[in-house]
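Data block below; observations after.
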Amino acid sequence: MHYESGVGHIGGNLSSLDAMLLVFHEYLGVDDEFILSKGHSAGALYISLWSRGLLSDDHLRQFHKDGTLLGGHPPVNGIPAIPFATGSLGHGLSLAAGTALAKRLRGVNDHTYCLASDGEFQEGSTWEALIFLSHHRLANLTILVDHNQLQGFGNTSDVASMAPLWDKLRGFDIDLQVVPGHDLDAIRAALKIQGDKPRLIILQTIKGHGISFMENKMEWHYLPLKEGQYRQALAELELP
Amino acid sequence: MRKQLCDALIDRSQSPDMIFLTGDLGFMALEDLRDSLGERFINAGVAEQNMVSVAAAMAKQNLEVWVYSIAPFCYARPFEQIRNDICFHDLPVKLIGNGGGYGYGVMGPTHHAIEDYGILLALPNMSVYVPVFDQDLAVVIPRVGNERSPAYLRLGRGEEQKGFEVPAYSPWRQLTSGKGKTVIAVGPIAGGLIAAFNKMPEDDCPNLWALAELPLSKNPLPLELLGQIASGSGLMVVEEHVARGSFASELAIFLLNNGIAIGSFEHFNAQSHTYDFYGSQNYLRKQSNLDVETICTAARGI
């Protein structure tokens, strides 16, 4: 999809894809909400929706094309399973908190999931949201953090270090867990724990996961695949 | 207008869908609303970006969501949240900015809102309400509450002379009549002109119109006003807002697009934050030639 459209953002899509597919297939109920705070992983979101039958092959073929619904970031309209057009970082946790609080006030038991990047913990609004969601004890809210430690122009520790991120978050009144982000059983185990507080699960992930030449390489935040790289990636994934 | 705001909101508060978010403001003003709404009155703390995104998400869940703060904290700090989360999605969040224009006076430019509606009306789907009189709130709040798109309510204070009989609410109202120029004033500043205009000889007394809802494209000029403008007697626009993004600029484009000739055009507007000295709302209006005396002098053509 990315190769055919000649676009990048593959690295951060691959770091979050495992968790996203797991949530969409095993946890997300019909009335639950999923908010992708790291909107640049829209490709992984589209694939997750497609794998649940919520997007068609035709939709995917139009990815990044003129007149598409599937732009580089989640769209405003046209796909009911996408509630918000994210892309500017630092919005998703607040949107998720508002959604969860609204559902609680309405007395419905639906759950809200939000997937954020580690880089967007450099946004002040993310911390505003953390204060709010922990203060209101939004137990119907799960935040997943794709902690791949690479951002747009460097390593998160080199750009504006928050390391260790879990240490910064420990002071909040939330259920905080740190799990290997590509270990599905570990993520499942983390998602089993449901107390009376919001959950925040730091997924220790690998940018470009699954493709040897992309893994832990900052440049795959942006770069599109060349033909040779595409063929190699398919071979590594044992795809035709 | 805060008391009238509070009363009008309390009138709606029995709806289980109504939510009120404040950015830690409302002391000695909104306590009764807080008591009426209970858990649906949410002090979101000093965190306006989060508050606005939370509001957008709650509106997406079909709740009637109001957001309240001092005006610039309501539209300037969380601008991207208003743009992306509210306006792009056409969500009917109701933003209330207290202290429109120079309302916070000597508190200084950090608290002034002289570019609010110009900025907000640059966003898709936005409507703006600028009530003129305190009594307007009883009508404006239900209008804003029933909006199906984003809305911004710029709160000021009623400025009409005591005893003035406030006409029934309408987005456009003619407040004085005469043979002088046509004057359009946006929001409460119109109220302060009534008594001064009425003291003028009939030949000088302007036709004063108060405008309470923007943009012009949603609130077309009344035919009577259009006729007065087209008569060529001269047109003045008075607004506590900077020129860029002003109502006057939208009006001028409308008049030019439609080939409507006017005798003269004068715009009285807020000056941007370039002054060295602080002062009251009246002091700052004087610095911007928005005081009653200067406007009356201009209206008489002196």
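This table checks each residue for (1) among the aliphatic types (A, V, I, L, M); (2) within 30 Å of B:Pro150 (Cβ to Cβ); (3) in contact with a helix residue (DSSP H, G or I) (Cβ under 7 Å, 6 or more places away or on another chain).
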site: B:Ala195; (1), (2), (3): yes, no, no
site: B:Lys199; (1), (2), (3): no, no, no
site: B:Asp203; (1), (2), (3): no, no, no
site: B:Pro206; (1), (2), (3): no, no, yes
site: B:Trp209; (1), (2), (3): no, yes, yes
site: B:Ala212; (1), (2), (3): yes, yes, yes
site: B:Leu226; (1), (2), (3): yes, yes, no
site: B:Ser231; (1), (2), (3): no, no, no
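Only residues that are touching a residue at least 60 places away in the same chain (Cβ under 8 Å) and not aliphatic (A, V, I, L, M): list them for region A:208-218, please. Listed by number, the residues that qualify are A:Gly208, A:His209, A:Gly210, A:Asn216, A:Lys217. In summary, strands (runs of 3 or more DSSP E) completely within region B:76-182 and bearing 1 or more residues that are surrounded by fewer than 20 Cβ atoms within 10 Å (Cβ to Cβ) occur at B:172-176. For region B:24-41, a residue qualifies if it is facing another protein chain (nearest Cβ under 8 Å) and free of Cβ contacts under 8 Å to residues at least 24 places away in the same chain, and exactly one does: B:Glu39. Scanning region B:268-302 for residues that are under 24 Å from B:Thr182 (Cβ atoms) and buried (at least 17 other Cβ atoms within 10 Å of the Cβ) yields a total of 13. Pairs are defined by a Cβ separation below 8 Å, a sequence spacing of at least 6 or placement on different chains, a first member in region A:178-207 that is at positive phi, and a second member that is part of a strand (DSSP E or B); no pair meets this definition.
Only one residue in B:Leu21, B:Leu9 is crowded, with 23+ Cβ neighbours inside 10 Å, among the aliphatic types (A, V, I, L, M) and away from chain A (no Cβ under 12 Å), so which one is that? Residue meeting the stated conditions: B:Leu9. Of all the residues in region B:9-42, those that are in a helix (DSSP H, G or I) and in contact with a strand residue (DSSP E or B) (Cβ under 9 Å, 6 or more places away or on another chain) number 7. When the criteria are applied in full, B:Glu80 fails the requirement of being modelled with pLDDT of 95 or more and in contact with a helix residue (DSSP H, G or I) (Cβ under 6 Å, 6 or more places away or on another chain).
Out of the residues in region A:103-129 that are hydrophobic (A, V, I, L, M, F, W, C) and crowded, with 24+ Cβ neighbours inside 10 Å, which is nearest to the other protein chains (Cβ to nearest Cβ)? Looking at residues that are hydrophobic (A, V, I, L, M, F, W, C) and crowded, with 24+ Cβ neighbours inside 10 Å, I get A:Ala129.
Pairs meeting the criteria (first residue in region B:126-149 and closer than 15 Å to B:Asn219 by Cα, second residue in a helix (DSSP H, G or I) and of a type in the set (A, V, I, L, M), beta carbons under 6 Å, at least 6 apart or on different chains) are B:Met126/B:Leu120; B:Tyr129/B:Val140; B:Tyr129/B:Val144; B:Pro131/B:Leu137; B:Pro131/B:Val140. Considering every residue within region B:59-78, establish whether at least one is free of Cβ contacts under 8 Å to residues at least 24 places away in the same chain, over 20 Å from B:Asn43 (Cα atoms) and out of contact with any strand residue (DSSP E or B) (no Cβ under 7 Å at 6 or more places or on another chain). No; the residues of region B:59-78 include none that is free of Cβ contacts under 8 Å to residues at least 24 places away in the same chain, over 20 Å from B:Asn43 (Cα atoms) and out of contact with any strand residue (DSSP E or B) (no Cβ under 7 Å at 6 or more places or on another chain). Going through (1) surrounded by fewer than 16 Cβ atoms within 10 Å (Cβ to Cβ); (2) within 19 Å of B:Glu266 (Cα to Cα); (3) modelled with pLDDT of 95 or more one by one, B:Ala185 falls short only on (1). If you check B:Asp85 against the conditions, is it within 14 Å of another protein chain (Cβ to nearest Cβ), among the acidic types (Asp, Glu) and touching a helix residue (DSSP H, G or I) at 6+ places or on another chain (Cβ under 9 Å)? For B:Asp85, the condition - within 14 Å of another protein chain (Cβ to nearest Cβ), among the acidic types (Asp, Glu) and touching a helix residue (DSSP H, G or I) at 6+ places or on another chain (Cβ under 9 Å) - is met. When A:Val76 is tested against (1) farther than 21 Å from A:Asn13 by Cα; (2) β-branched (Val, Ile, Thr); (3) surrounded by fewer than 23 Cβ atoms within 10 Å (Cβ to Cβ); (4) at the interface with chain B (Cβ under 9 Å from one of its Cβ atoms), only condition (1) is not met. Among the residues that make up region A:59-73, is at least one of them touching a helix residue (DSSP H, G or I) at 6+ places or on another chain (Cβ under 7 Å), under 20 Å from B:Ala55 (Cβ atoms) and within 11 Å of chain B (Cβ to nearest Cβ)? So far as region A:59-73 goes, no, none of its residues is touching a helix residue (DSSP H, G or I) at 6+ places or on another chain (Cβ under 7 Å), under 20 Å from B:Ala55 (Cβ atoms) and within 11 Å of chain B (Cβ to nearest Cβ).
The values are calculated or read from the model by the stated rules, or taken from the named source; none is laboratory data. Since the structure is predicted, the reported quantities are computational estimates derived from the model, not experimental observations. All Cβ positions, even for glycine, are placed from backbone atoms using ideal geometry, and neighbour counts span all protein chains on display.
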